[in-house]
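**Q** First the structure, which I've put down as structure tokens, then a few questions once you've had a look.
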Amino acid sequence: MARKVLVFAEVRENELRNVSFEALAAAKDIAAGGEVIGVVAGESVSGLAETLFHYGADRVITVENEKLKAYTNDGYSQAYLQVIDSVQPDAILMGHTAQGKDISPKLASKLSSGLISDATGIEIDGEDVIFTRPIYSGKAFEKKKVKEGLIFATIRPNNISVLEKDESRSGEVVNEDVEIKDLRTIVKEVVRKSTSGVDLSEAKVIVAGGRGVKSSEGFEPLNELAEVLGAAVGASRGACDADYCDYSLQIGQTGKVVTPDLYIACGISGAIQHLAGMSNSKVIVAINKDPEANIFNVADYGIVGDLFEVVPMLTEEFKKVLQ
Ligand code: FAD
């Protein structure tokens with residue numbers, strides 16, 4: 001069954017986030033020969049339309065409005081609902097990001113539809129679209145399908161492979177004029193808190209520190225390793241609670257959920273609440289001086305030792321091969 005699939009792309013600092021391309025790849029499968037429509041909203045976003053074609057969109061809708069300069073649930077939900085109304089899609093996808101998590105329940109309720117949130121995989125079985133999503137803080141996975149009506153899902157970053165970029169692809173770009181009533185929320189300023197330039201939730205490599213780093217200065221060797229690897233720096237709640245770093249770095253049940261290709265845990269014991277946010281990483285390396293630390297139970301590679309000796313050694317070795 002050919003479907004019309006709408007993908008709401010996400011923009012950060014004038015660039016499309018990678019999860020938007022992952023959603024386009026998923027949309028291609030769901031469309032089953034139908035149409036994949038990328039939507040990009042903001043104050044001035046038409047320059048981003050081409051990139052959506054390169055990653056699989058057949059048509060792109062731009063929604064340009066000064067009230068969409070900064071993300072607000074109020075403004076974006078008004079804009080998205082008008083686009084949905086004019087397109088009448090069979091399926092809607094967006095990233096399971098802070099924005100996606102914020103806006104998708106509101107849209108689903110306005111559309112009287114269900115919502116499959118935090119999908120980590122998609123299979124097509126005949127007419128059925130089957131989503132995989134983690135439950136019980138990542139300890140198990142469930143499979144879900146929508147029996148009838150709109151298919152609406154959010155996609156967890158870093159789980160679905162993007163299509164190979166094809167710069168020869170192009171298509172029709174339509175600007176949708178939307179009417180946005182006065183906003184109840186005004187964003188005055190957006191302050192980036194992360195210490196690293198790499199976004200934690202989409203990072204391919206993460207170097208994370210726990211209480212074992214012992215101080216905010218103790219993060220320095222981790223920052224240096226992250227710099228060499230092009231990685232983001234994350235933390236356990238233990239490190240955040242001890243004020244060694246900002247809570248925006250927290251990974252876990254009550255922090256960010258990450259699925260990088262490589263997760264290097266330094267001085268983290270491996271509490272269940274921390275594992276909930278990182279145990280689905282593809283390769284886990286743990287550095288801990290306690291050989292009994294629980295983190296070694298989920299690690300693919302374990303290094304028993306003092307992180308202040310091991311991490312600088314790794315940095316030097318990676319420098320030799322990467323620089
Ligand atoms: P610790 O458990 O103190 O471990 C420090 C580790 O560092 C130890 O294993 C030690 O051997 C090692 N170490 C010390 N010095 C060195 C050294 N020099 N070299 C190498 N290793 C060294 N935690 C999260 O992380 N994320 C969450 O989202 C989260 N949510 C929670 C929600 C709830 C409701 C609750 C109750 C708890 C939550 N926690 C969360 C807290 C969690 O239970 C743990 O307390 C926390 O993860 C411990 O952090 P840690 O591993 O850094 O510290």
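Every read-out reported here was derived from the displayed coordinates using simple, explicitly stated rules and does not represent laboratory data. Every value quoted in this text rests on a predicted model; they were computed, and no experiment measured them. Please note: Cβ atoms are built from the backbone with ideal geometry, for glycine as well, and neighbour counts cover all protein chains shown.
**Q** Let me spell out the model: positive unit charges on the Cβ of Lys and Arg, negative unit charges on the Cβ of Asp and Glu, origin at the Cα centre of the stretch 1-110. What dipole size does that give, in debye rounded to 20? Provide the component values of the computation, followed by the final result.
**A** On the way: 11 positive and 15 negative charges, 56 e Å.
Rounded to the nearest 20 debye, it is 260 debye.
**Q** Can you list the HN-Hα couplings for the stretch 303-309, worked out from phi with the Karplus curve (6.51, -1.76, 1.60; θ = phi - 60°), rounded to whole Hz and with x for Gly and Pro?
**A** Each residue of the stretch 303-309 in turn: 10, 8, x, 7, 4, 6, 9 Hz.
**Q** From the P(r) of the chain, can you give the percent of Cα pairs sitting at distances over 31 Å?
**A** Working: 19051 of 52003 pairs.
Summing the P(r) of the chain above 31 Å gives 37 percent of all pairs.
**Q** Can I ask one more? Note down the relative contact order for the stretch 222-316 as a percent, whole number, built from C-alpha pairs under 8 angstrom at least six residues apart. Before the final figure, lay out each step's value.
**A** Working: 159 pairs, mean separation 21.4, N = 95.
So the answer I get is 22 percent.
**Q** So if I restrict to the alpha-carbon atoms in the stretch 184-234, what is the Rg, and what is Dmax, the biggest pairwise distance, in Å?
**A** For the stretch 184-234, the Cα-based Rg and Dmax read 13.7, 44 Å.
**Q** Also, I was wondering about something else. Whole-Hz Karplus ³J(HN,Hα) for the stretch 28-43, in order, using 6.51 cos²θ - 1.76 cosθ + 1.60 and θ = phi - 60°, x for Gly and Pro?
**A** For the stretch 28-43, the Karplus-derived couplings read 4, 5, 5, 5, 6, x, x, 10, 9, 10, x, 10, 10, 10, x, 6 Hz, x marking Gly and Pro.
**Q** Hey, another quick one. Enumerate by residue number the trypsin sites (Lys or Arg not before Pro) in the stretch 219-323 meeting two conditions: DSSP loop (anything except H, G, I, E, B), and at most 14 other Cβ atoms within 10 Å of the site's Cβ.
**A** Numbers: sites: R237, K256, K282, K289, K319, K320; in loops: K282, K289.
Sites meeting the loop and neighbour criteria: K282.
**Q** Treat each spin label as a single point 7 Å out from the Cα along the C-beta direction, and report the S46 to K319 distance in nm.
**A** Between S46 and K319, the label points sit 4.9 nm apart.
**Q** Averaging over all projection directions, find the projected area of the Cα convex hull of the stretch 178-308 and quote it in nm² with one decimal place.
**A** Values: hull surface 39.1 nm².
So the Cα hull casts an average projection of 9.8 nm².
**Q** Tell me the GluC sites (Glu not before Pro) within the stretch 125-204 that lie in a loop according to DSSP and have at most 13 other beta-carbon atoms within 10 Å. It would help to have the intermediate numbers written out before the result.
**A** Details: sites: E127, E142, E148, E164, E167, E172, E176, E179, E189, E202; in loops: E127, E148, E164, E167, E176, E179, E189.
Answer in residue order: E127, E148, E164, E167, E179, E189.
**Q** Between K147 and R169, 0.36 nm times their residue separation minus their Cα-Cα distance comes to what? The partial results should precede the final answer.
**A** Working: separation 22, 0.36 × 22 = 7.92 nm, distance 3.33 nm.
Stretched fully, the K147-R169 segment lengthens by 4.6 nm.
**Q** Here is a follow-up. Expected output is a single nm value to one decimal: the length gained when fully extending between D102 and R184, i.e. 0.36 nm times separation in residues minus the C-alpha distance. What is it? Don't skip to the end; give the middle numbers.
**A** Details: separation 82, 0.36 × 82 = 29.52 nm, distance 1.57 nm.
My answer for the length gained is 27.9 nm.
**Q** Against the empirical 2.2 N^0.38 Å scaling, what ratio does the C-alpha Rg of the stretch 26-131 come to? Intermediate values should be presented prior to the final figure.
**A** On the way: Rg = 14.0 Å, N = 106, 2.2 N^0.38 = 12.9 Å.
Cα Rg divided by the expected 2.2 N^0.38 Å: 1.08.
**Q** Please turn the phi angles of the stretch 175-180 into ³J(HN,Hα) values with the Karplus equation 6.51 cos²θ - 1.76 cosθ + 1.60 (θ = phi - 60°), one per residue in order, whole Hz, x for glycine and proline.
**A** Ordered by residue, 3J(HN,Hα) equals 8, 9, 7, 10, 9, 10 Hz.
**Q** Please give the calculated 222 nm ellipticity per residue for the chain, where each DSSP H segment of at least 4 residues contributes -39500 (n - 2.57) and the sum is spread over every residue; nearest 500 deg cm²/dmol?
**A** Details: 8 runs with 86 residues, N = 323.
One gets -8000 deg cm²/dmol as the mean residue ellipticity at 222 nm.
**Q** Based on the Cα gyration tensor of the stretch 122-162, what are the three equivalent ellipsoid semi-axes, each the root of five times an eigenvalue, rounded to whole Å and given largest first? Could you put the intermediate results ahead of the total?
**A** Values: eigenvalues 71, 36, 20 Å².
Semi-axis lengths for the stretch 122-162 are 19, 13, 10 Å.
**Q** Using amide H atoms built in the peptide plane, which far-off residues or other-chain residues are under 5 Å from S279 H to H?
**A** Under 5 Å from the amide H of S279: no residue qualifies.
**Q** Mind checking the angle between helix 73-87 and the chain's longest principal axis? C-alpha axes, 0 to 90 degrees, to the nearest 10.
**A** 50 degrees
**Q** Determine the relative contact order of the chain: mean sequence separation of Cα pairs under 8 Å and six or more apart, normalised by residue count, in whole percent. Numbers along the way, then the final one.
**A** On the way: 711 pairs, mean separation 45.8, N = 323.
Answer for the chain is 14 percent.
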